[in-house]
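Q: Before anything else, here's the structure in question.
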Amino acid sequence: MTERRRPRRSLTRKSAGALADWSVPRQLRGAPDKTKAAESAMSRGLRPRLEQADKVGTSICPYCAVGCAQLIYAKDGKPIHVEGDPRSPINQGTLCPKGAATFGLMLSPQRLDHCLHRAPGAGEWRRVTLDWAMDRIAHLAKRTRDEGYVARLPDGTRLNHTLSIGSLGGATLDNEENYLIKKLFSGGLGMVFLENQARV
Amino acid sequence: MPSLGATYGRGAATLPQWDLANSDCVLVMGSNMAENHPIAFRFVLQAKQRGATVIHADPRFTRTSALADIHAPLRAGSDIAFLGGLIHHVLEHDLWFRDYALPYTNLSTIVDEEYQGPEELDGLFSGWSEESKRYSPQSWQYQGVMMPSSLAEAFIETEGFCEAVKRLHEGPTPKDPTLQHPRCVYQILKRHFARYTPEMVERATGCPREVFLKVAEALARNSGRERTGAICYAVGWTHHSTGVQMIRAAAILQALLGNVGRPGGGILALRGHTSIQGSTDIPTLYDMLPGYLPQPHALKPHQDLAQYLEAETNPTGWWHNFPKYAVSLLRAWYGGAGNKENGFGYDFLPRIVGDHSQLPMTVAMRDGIIKGLFVMGQNPVVGGSNSLLVQRGLAQLDWMVVRDFAETDTASFWRDGHLVRSGELRPEEIGTEVFLMPASLSGEKAGSFTNTHRLLQWHDKVVDGPGDSRSEHWFTYHLGRRLKSLYADSTREEDQAIRALTWDYPVDEEGEPDAEAVLQEINGYTWPERKLVQDFKELKEDGSTACGCWIYSGVFPEEGRNLARARKPDGPDGPGTHLGWGFAWPDNRRTLNNRASADPEGRPWSERKRLVWWDEDKGEWQSPDKVDFIPTKRPDYEPDWEKKPAGMDAISGHQPFIMIPDGVAGLFVPSGLKDGPLPAHFEPVESPVSNPLYRQDANPAAKRWEHADNPIHATGDPRFPHMLTTYRLTEQHSGGTPTRLVPTTAELMPEGFCEIPTELAASLGIRSTDWVVLSTARGEIETRALVTDRLQPFRLDGRLIFQLGLPWHYGWAGYATGDIANVLTAVVGDPNTAMHENKALTCALRPGRLPRGKGES
Ligand code: SF4
C-alpha cells in the first residue's frame, strides 16, 4: 500500500521544480500531451485510492429503480469508494448525482449507530440497547395486536385480522426483506394495514 | 399497475430499458426522464443519435424537453385529452397497424348490448350507481361472455360470476373481423374518441394544434412492420385521480400502433424507489399476496381455499395455473401445519374488508384505529399526502418504530413537527412512544432489488453498517423469533398462524439470516424434500411444492446458482438481451408478450425488428430472448372447442397476450377497472376549470376521504385560482432522507423553492428568491420563488390559468431543508390504485412569509 506523500522542499527549489514540472514547454517540444507531457512530480507521486482496497463487492444503487450496478471498495471494513460497475448493460460504469452520492450516504455524518427511544411525552431521545428495543417492540406488538384482533364477523365470517397495527415501507428494501415483512406481519400477525411507497 | 395488467396481462414494464436504444420514436410523458431517471435516459439519447424522434409532452419545460425533438406543453392533468386525441387521429386517418392489431387485440370483439359510454351518458359509463358511487362492470362484458380480470383479483362482483366465466371453455369470444358490427370494440373506440379532435385537444390541454399534430404524425410514422416506438412514463401519470386511465390510453395507442412485444417498442414504467417493482411483486401491500395473488377478502367468496380457488382461477389463459401458485405459497408460509382441513393454512390468512392503503391508513391513524406503526425506510411526514393530517395521526399513536439510517422527519415529528412549531401541541402532550433504530444500507447487507424493468439484481454485503445498524432481514427475523416465543404456548385459535409460520432461516455469527435462503424459499422447492425447482412450471397444487413468489421462480434453480447475482452482459456483438445479467421475471424473459414480434404465421414482421420467430424444422419458437409463450406451440394451433379446453389449451398459436383469458390485448377492458372500460378525460378532483369534454367534471369514481382535516376545493374555487403540480429533482430523492441528510446531494440542491410563471410573478410583484406563501384548505407553506418561463400559463375558454411547480422532497431534517410540499395536498386518489393526486391540484399564492408560531420563539 503506497501512501500519498508530497516531498518538502525549499521555496527556490520548489519554484525551480515547478518550472521543470510545467508541461507546456515539454508539449512544445513535442511530448505527447496526454501521457509524458502531463506528468509532474506530484502526479508521479499520486496513487489511485482503489489500490488501498482490501475488498471489493458488487452492489446496486439504493436510489431509483433504473438499477445501476455499483462496485463498493472497502479497506479495513470501511467503504473507501463507490463507483459505477463498467460491466453493467444498464449504466456501463456511469452513475447520476444520486448514485454517485452513495459513498456519501454510507459515510453521512448524520448516520445513527445506536438505538434511540422517546418515552410518551418526553422532550428528548434516550439511548437504549438493541436488545432492549427489540424486546420492548415485540411486547408492544403482541399487546396491540391482541387488543385489536378480530377473529370473525358476527355472522361467523373469518377475518383473522388486526386493524390496530400498521406498517409503511418496503420500496427501498430487498425483495427478501419484503418477503419476510409480508410473511410475518400478514401471514403471522394478521396485519392488514400493510403498505409501501408503491402508491406514493 | 392495473392499467398495463388489464390491457396486456402484466402490470409491469414491457421492455428492458436498454431496448429503448432500438426505438424509432420515444414519447416521454408523465415523466421528466432526463432528470429523474438520468441513466435510463441515455438509451433514449442513443436512439436519437440513430435517428429516432424524441418527444416530451409535459406541463414543464425541463431538461427532457430540452433534449427532445418536440416538446408538447400541456395543462397538468389533461393527459387523457391529449392521448385520446392521438387515438382519435390514428383511427380517423387509418394509421393503425392493421395486420397486428386485428389479430392481437380485442378490436373485433363484440361487447354486450347494454353497454353505454360517456358519449351517450355525458361522462358516465353504464353501470354507475349514484348511491354507492361505484360502477358495476356487468354491462361492459363481451356479448354472452363474462370475462374474469387478469389482475391480481380475477373475481368480479356480479351475479353468477363463477358459472358465467365457464362459457370461456366453450368457444372463442364473439368477434366481427370485418369490424362493421356497431358494438365491436373498433366501432366503440371510434365513437368514444370522436370528440377528441385536434381542436378539442388544443382547448382542453392548451397544447397548440400544430404541435399536437406533429406528435401524432411522428408516432404514426414510426410504427408498422419496419418501425417501432416506445412510451416512457412515471408518477406524472400515476399521481392523478385518473392515473390508471392515463396509462390505459397509452396502452391502447401502443397496441393500435403494433408497438407491444417488439424491439424498441412498448411501455416503460419508470419507477421511483430502487425496488418499488420488487415490493409490488412481493407486496408489502395490503391487497395482494406475493406474485399478484389476491389477499383474501371477507366480503368476497374467499371463505375457504376451495371457494377462493374457484372464484379466482381463470378458466382460460396462463392464470388458469393459479391454484398451483396459491397452494405453493401457503406451503412456503405454513409448512407442515398446513393440511387438507385448513386449506394448507389458507384458514390462517388475514382477510381484508376494504381499502387499507396508505391514504386511508392516514385517516385511520388520525381516528385512533391504528395504534402501533412500523416505518421502514419510508418518510410519510414528507411523502404522505396532507402532511398535517399525517402528523396529527402520528401524534395519536401509542407507539411507532422508525428504522432508517438517520433521524428522519417522521422520527422527529414530536419535537420538530408542524404541530409543535405552530404551538398546536407541545411534546409533553404527544403520547407516542417512538423507537428510532439504525438500519443497514445496501452495501452493508446482501439481498436483491428488482428494478424498473423487472430485473432482479443481487447486491453483496461488503462492509458492516455502523454500530447497531441492522438489515430489515435481521429486524424482521428477530422480531418474528421473539413473537413466536411469546406465542409459543398459546392455544387460542387466533394465535395459531404465528405459531405455524415457518421461520427457520440459517443465521450467521452476527445473527443475520441468510438472504439467499430466503431467496430460495421465494424461488420454491419440493416439499418436504426441499429440492429447488427449476421454474414455476414445476409448481403443484397438491402441496408437494412450496414457493414464496411464483413469478420469481427460476431465480435460484439449483444450489449455488443465484441468478440475481449473474453478471455476464452480452458483448458488443451479442444480441443485446443480456440474458446473463441478473434475472428478469418471469422466467428471465426480457420483453413481455414477445410472441407479438412475429406475425400470426410466426414470421418476424421485418428483419429490422426481428426478435421471435417460429422454426418449423425444430418445431419451436426461436429468439435471443426467452420466449413469452409456450415454446412448442405452433403458430397455427387452434383450440379444439369440442374438448372444452382450459388454460393455455384455449389460447391459439397466434394470441400473444397469454395472461389475458382470451389471449389478446384488451383495448376495451371488460373487467378489473373501477372507473370504466375505456379512458375518458376528467378534470382533477381540484381544478380551476370545468371539464371541457363532459358534464361530469372529475372522475366520478375517484376516491375521496371526507374528513374535517382533509377539506377539498370545489371546481373553480376562486380562493384557490392556480394549478399546482409537484415534482422531483435529480439531486434529491423522494422523501429526501437519503439525499437531504447526505452532504454532497444536499449541497447541490440546498433549499426548497417554487417555480412561478413570469406573468403571474410580475402581477404579484414577486421576484426570484423572494419568499412566497402557498396555501390550500389543508395548510400553508413558505418557500422561495423561482420565476420562470418553463411553466406556461394556459388559456381555457377565455380564462388565463397559471401553473406552479413545487419540488416535494423537502422537510426539516438534514442539511437541505424547506417546508413540506405535502402540507398542501389532499387525501384523494385514483379509484383503482388509491394513488394520490399530487400532480394536479389548486392553490393560492401570495408574496411574503408565514407568521412564526408560538412554539418557535
Ligand atoms: S445512479 Fe441514478 S439513475 Fe442510476 S439507479 Fe442510481 S439514482 Fe437511478
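Q: What residue among A:Asp54, A:Asp155, A:Asp113 shows peak mean-square fluctuation when chain A is described by a Gaussian network model with Cα springs under 10 Å?
A: A:Asp155
Q: For each pair in A:Lys182/B:Lys371; B:Lys300/B:Lys626; B:Lys531/B:Lys626; B:Lys324/B:Lys626, compute the distance between the two Cα atoms and list the pairs where it is over 26 Å.
A: On the way: A:Lys182/B:Lys371 19 Å; B:Lys300/B:Lys626 37 Å; B:Lys531/B:Lys626 24 Å; B:Lys324/B:Lys626 22 Å.
Correct reply: B:Lys300/B:Lys626.
Q: Follow-up. Once you measure Cβ to Cβ distances between cysteines in the protein assembly as shown, which Cys have no partner under 4.7 Å?
A: Those would be A:Cys64, A:Cys96, A:Cys115, B:Cys25, B:Cys162, B:Cys184, B:Cys207, B:Cys232, B:Cys547, B:Cys549, B:Cys754, B:Cys843, since no other cysteine Cβ in the protein assembly as shown comes under 4.7 Å of theirs.
Q: B:Glu747 versus A:Met42, label points 7 Å from Cα toward the beta carbon: distance in nm?
A: 1.8 nm
Q: Mean residue ellipticity at 222 nm from the helices of chain B, using -39,500 (n - 2.57) per DSSP H segment of n ≥ 4 over the full residue count, to the nearest 500 deg cm²/dmol?
A: Numbers: 27 runs with 206 residues, N = 857.
Estimated from H runs of four or more residues: -6500 deg cm²/dmol.
Q: Could I ask something else about it? Ordered by packing density, taken as the mean number of other Cβ atoms within 10 Å over each peptide's residues, highest first, how do B:763-772, B:350-359 rank? Walk me through the intermediate numbers first.
A: On the way: B:763-772: 14.0, B:350-359: 21.7.
Descending packing order for the listed peptides: B:350-359, B:763-772.
Q: Lysines near B:Lys839 by alpha-carbon distance under 29 Å, same-chain residues fewer than 8 away left out - which ones?
A: A:Lys98, B:Lys48, B:Lys133, B:Lys214, B:Lys674, B:Lys703
Q: While we're looking at this one, here's another question. Among the aspartates and glutamates, which have Cα under 20 Å from the Cα of B:Lys537 when same-chain residues fewer than 8 positions away are ignored?
A: Qualifying aspartates and glutamates at Cα under 20 Å: B:Asp281, B:Glu312, B:Glu521, B:Glu529, B:Glu558, B:Glu559, B:Asp587, B:Glu620, B:Asp625, B:Asp628, B:Asp649.
Q: Can you tell me how region B:703-847 classifies by the Cα gyration tensor, rounded, prolate or oblate, using a/c under 1.5 as the rounded cut? Show your work: numbers first, answer last.
A: Numbers: a/c = 1.87, a/b = 1.16, b/c = 1.61.
Oblate, since a/c reaches 1.5 and b/c is not below a/b.
Q: Rank the residues B:His240, B:His722, A:His139 as a footprinting-exposure proxy: fewest other Cβ atoms within 10 Å of their Cβ go first.
A: A:His139, B:His722, B:His240
Q: Now, a different point. Please work out whether region A:55-107 counts as rounded, prolate or oblate from its C-alpha gyration tensor, where a ≥ b ≥ c are the square roots of the eigenvalues and a/c under 1.5 means rounded, while otherwise a/b larger than b/c means prolate and anything else oblate?
A: Working: a/c = 2.33, a/b = 1.44, b/c = 1.61.
It comes out oblate by the Cα gyration axes.
Q: Another one. What does the structure give for B:321-328 when I average, per residue, the other chain Cβ atoms found within 10 Å of the residue Cβ? Intermediate results must be reported in sequence, preceding the final value.
A: Values: counts 0, 0, 0, 0, 0, 0, 0, 0.
Mean partner shielding for this stretch: 0.
Q: Counting only other chains, and only Cβ atoms inside 10 Å, what mean value do you get across the residues of B:147-154?
A: 0
Q: Packing-wise, with mean Cβ within 10 Å as the measure, how do B:805-815, B:27-37 rank, highest first?
A: On the way: B:805-815: 23.7, B:27-37: 26.1.
By packing density, highest mean first, the sequence is B:27-37, B:805-815.
Q: Now for a different question. Any idea how far apart B:Glu114 and A:Thr35 come out in nm if each label point goes 7 Å out from Cα toward Cβ?
A: A separation of 8.2 nm, rounded to one decimal place.
Q: In nm, give the distance between the simple-model label positions of B:Glu706 and B:Glu210, each being 7 Å from the Cα along the Cα-to-Cβ direction.
A: 5.0 nm
Q: Next question. Pull out the extension gain between B:Glu607 and B:Ser129, defined as 0.36 nm times the separation in residues minus the alpha carbon to alpha carbon distance; nm, one decimal. Working shown, then result.
A: Values: separation 478, 0.36 × 478 = 172.08 nm, distance 5.14 nm.
Net length gain for the segment: 166.9 nm.
Q: Please enumerate, by chain and number, the lysines with C-alpha under 18 Å from the C-alpha of A:Lys78, excluding those fewer than 8 residues away in the same chain.
A: Partners found: A:Lys55, B:Lys445, B:Lys461.
Q: Shielding by partners for B:157-166, please: the mean number of other protein chain Cβ atoms within 10 Å of each residue's Cβ.
A: Working: counts 0, 0, 0, 0, 0, 0, 0, 0, 0, 0.
Mean shielding by partner chains, rounded to a whole number: 0.
Q: In addition: For an R0 of 30 angstrom, estimate the FRET efficiency from the Cβ-Cβ distance between B:Ser136 and B:Lys643 and round to the nearest 0.05. Could you put the intermediate results ahead of the total?
A: Details: r = 33 Å, r/R0 = 1.11.
Efficiency, from the Cβ-Cβ distance: 0.35.
Q: Counting only the backbone N, which residues of region B:310-326 are under 19 Å from the spot 7 Å out from the Cα of B:Gln534 toward its beta-carbon?
A: Counting only backbone N, you get B:325.
Q: For a Förster distance of 41 Å, can you work out the FRET efficiency between the beta-carbons of A:His114 and B:Thr526, rounded to the nearest 0.05?
A: 0.40
Q: Once R0 is set to 35 Å, what does the formula 1/(1 + (r/R0)^6) return for the Cβ-Cβ distance between B:Glu559 and A:Arg126, expressed as a FRET efficiency to the nearest 0.05?
A: Working: r = 46 Å, r/R0 = 1.33.
Result of the calculation: an efficiency of 0.15.
Read the figures in this text as sums done on the coordinates, not as results from a lab. All of these numbers come straight from a predicted model, not from anything done at the bench. Reconstructed Cβ throughout: ideal geometry from the backbone, glycine too, with neighbour counts over all protein chains shown.
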